[in-house]
1. If I take every Cα pair under 8 Å that is 6 or more residues apart in the range B:1-43, average their sequence separation and divide by the length, what percent do I get for the relative contact order?
2. Per q in 0.26 Å⁻¹, report the Debye log10 I(q)/I(0) for the range B:174-225, using one uniform scatterer on each alpha carbon and no solvent.
3. Report the Cα-based extents of the range A:159-247 along its three principal axes, largest first, to the nearest Å.
4. Could you list B:250, A:54 in order of exposure, starting from the residue whose Cβ has the fewest other Cβ atoms within 10 Å?
5. Would you mind telling me which residue in A:299, A:280, A:138 has the biggest mean-square fluctuation in a Gaussian network model of chain A, where springs connect alpha carbons within a distance under 10 angstrom?
6. Please figure out what share of the DSSP beta bridges in the protein assembly as shown is antiparallel and state it in percent, rounded to the nearest 5.
7. What number results when the radius of gyration of the range B:92-155, computed over Cα atoms, is divided by 2.2 N^0.38 Å?
8. 222 nm [θ] for the protein assembly as shown, helices only, -39500 (n - 2.57) per DSSP H run of 4+, per residue, to 500?
């Protein structure tokens, strides 16, 4: 009975704290929205008034409606096609039928998905290089001395500087008859990879070099072979730092992606913003603002996802991860 | 006749910022098979360095270590080390920590089932089989050290090296572990070289106590034979004349003949009236 009361009390306390947090978040949001609306009303651009929360909400509805309309059109297209083909086959079973895929323009949701795929591919590409390179540099002082200046040199380079070079290289090298990926996709993914390589490399090096000296001595006494040493001692030790690096990398990659898509014309969120900007309708600014909010939200979710992954893979469930 | 383990003319100097620091000089010691040796001395006298040279983690600048007629020049499971702060891998369970070494040492000699039985047997030796599936952070400090000892024993080392194995434990736990260690030593007949700060521990456990002089250029000062019969019982020994004599000898060495270097300065300071600096004495004189 006493235990129950205690539980109930802590439960109530927890509820109170949750309520407090939610209230504070709510007040923060509302204040922000209010200030935003007030200042938006005072800004007039050549494309009309700067969008406030109300206009942005309208555009969210619009984009949603467009997406639903596009899906309806697509299903209608495929239905018409299959009916037509069925008719043809009914008249002449040996007739050759043609199946065409629907070529509507990508909706906002399609563009979000394209962006997510591009950033994932770029990020994974970078990790495939960054983690082994970081481990190697962390283990070998010699390699580190050789590679460190190169890392420091390329780390601060902006994605926009890489992009023309990557574009030209991709155009020259990526010559396939039936390309699985479009050139703009490959260019964007590689640019993302080049920029999100560095945080993971650097953090992995730090993680690997700061493995407890006693544990290294244990490994030396047991005479663990190099690969088992990495697997059993180095990797678990360095895992928190590697994850810190990966989170920074993914955040960088997501930021870089938008710029890369604008310039490479990869049909993702970057291109959406660029097209709206070029379009210059009275709705454009509102639609761009929707994209800005969505980019922020996805960035947040990507980071949470990495945190979840880290918690899953971490051996020490007691550490607080932020 | 050649000894089982021989330290021959070991010298060690460290090079820091261009300055050469001579830590050890002329360390000579012969250890017989099955002997229990304690290294005792003030902190900074190079006990750990000696141990690390025996383990092969350090390379002596001059001289060398010979184990069963072979020179030691790299670490090996032959000379397993129990570290002061247990050094268990925190992401592996107690069982897996012991298994790590066993899998490496008995790779080709034991089947999987034999290895599993051997790991459990060694956990049993240190009375830790009940916690086989726990992670190190879930067990107490004394238990961790037990597992650290089991990990070493399971590799069947020729020499068991212990670097202040019980230094970080409370007195009661330490006594338990000392008893366990005596039991293990009696049953397995392993040769042990142990570093300790604790005079009672050294006398209780050792066949010989190696007392080291202070650095720089530290060396072996004296070696004391402890010929107390085994098995030894800490309660009975407390009153034993030989035990008290041996204990007195070590204390004499440490606090009279080879005082901790910083202790001299400390004493000079204390020769002024207690709790009074020159300043307060002057002030008092003025007031008078």
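Read-outs throughout are calculated quantities, based only on the coordinates presented, and are distinct from any laboratory measurement. Model, not experiment: these values are computed from the prediction. Quick reminder, even Gly has a Cβ in these numbers, built from the backbone with ideal geometry, and neighbours come from all protein chains shown.
1. Once normalised by length, the contact order is 40 percent.
2. So the normalised log intensities work out to -1.08.
3. On the principal axes, the range A:159-247 reaches 55, 27, 17 Å in Cα extent.
4. Ranked by crowding around the Cβ, least crowded first: A:54, B:250.
5. A:280
6. DSSP beta bridges in the protein assembly as shown are roughly 55 percent antiparallel.
7. My calculation over the Cα atoms of the range B:92-155 gives 1.02.
8. -20000 deg cm²/dmol
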